[in-house]
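Every number in this text was worked out from the coordinates using simple rules, so none of it is lab data. If you're wondering where the values come from, they're calculated on a predicted model, not measured in any experiment. Cβ placement follows ideal geometry from the backbone for every residue including glycine, while neighbour counts extend to all protein chains displayed.
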Amino acid sequence: MTTLAILTAAGSGTRLGFDLPKALVPLRGLPLVLHAARRLTASGVVDALVVTAPNGLVSAMSDVLEHDPHVSVPVVVVAGGATRQSSVAAGLSRARADVDVVVVHDAARPLAPAAMIRRIVETVREGHQAVIPGLPVVDTIKLVAPRDPQRALPDGVDRVASTPERTLLRAVQTPQAFDRALLVRAHAAGAARARTEATAATDDASLVEALGEEVFVVPGHELAMKVTTARDFYYIEKLLTEEVR
Ligand code: CTP
Ligand code: MG
C-alpha cells in the first residue's frame, strides 16, 4: 500500500499577477508549494511526492522542497504540461509500480489541513475509488446557454438555461484521491479527448465521471481555498495568521 501525491505547481499564476510563478510566491515567508508539501507530509498518509514545475524551473522548485526538514518523504520534481490536466498526467507517469492510491493536490491550495487530507485518503482506502472534498455553495448558481450564432445577444449578455437546486451543489477543492488504476484510465481517456476536442479538465474527478465511474464527495474545508487572485492571497494570509494563533 503506497500513496503518491501529485502536487501541481506548473501554472504561471496569471490571475494572481505577481512576478513569480504562483507556487513560488511566498506566504509568510514560505512558497505556496512548500506549505502544501508540508501539509501533505504531515497527513502521515502520503509516502512520496511528485511536484510539477513550470518549464525551466524544475531545479528551482527542487531547491525549495529538497532541504525542507518538514518534507520527510521522497520528492521528485518534473516539468508540467501546458494545461493542469497534462501536468497531472506528467506526474502520474512517474508513479512507481507499487503505488495504489494517488492524491492530486494544487500548490494553489497551500493550507489544506492534514486531517482533511488524511480523511480523503482513508475514504479511498475504505473502498471508495474516487474521493473529493466539497463545500456547499452560498450563491444561487445559474447555468447559461452556450453562445448561439442564430440568436445574437450583446457582448456580456448570456441567456439562462437553468438553475440547479442549490442544496445539491458543491464547490469542489483538492486534494482529490483515487485508486491509481482508475485515475490512469481516466487520464488516458481524457488525453484522447483533448487531442480531438481541444478540451482540458479543470479537475481530475471530472475525468473519472466521464468514464461513468462514481465519485464521492466528503466535506471540504475553508482552509483548502484556492489562491487565484491577489484578494485570495491577502485573505489566506489572514487565515494562516489566525490558524497560528
Ligand atoms: N497547474 C499546473 N500546470 C498547468 C496549469 C496549472 O500544474 N499547466 C497547476 C497550478 O500550478 C495550480 C493548479 O494547477 O497549482 C490550479 O491552477 P490555477 O489555479 O489555474 O493556477 P495557475 O494556472 O498558475 O493560475 P492562472 O490560471 O491564473 O495562470
Ligand atoms: Mg490556470
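Annotations
- Of the residues making up region 16-34, just one is surrounded by 20 or more Cβ atoms within 10 Å (Cβ to Cβ) and away from ligand 1 (no atom under 12 Å from the Cβ), namely 34.
- Scanning region 43-60 for residues that are in contact (Cβ under 8 Å) with a residue 60 or more places away in the chain and either over 18 Å from the mean Cα position of the chain (by Cα) or near ligand 1 (Cβ under 8 Å from one of its atoms) (or both) gives a single hit, 44.
- Only residues that are within 17 Å of residue 202 (Cβ to Cβ) and more than 6 Å from ligand 1 (Cβ to nearest atom) were counted across region 4-15, and they come to 2.
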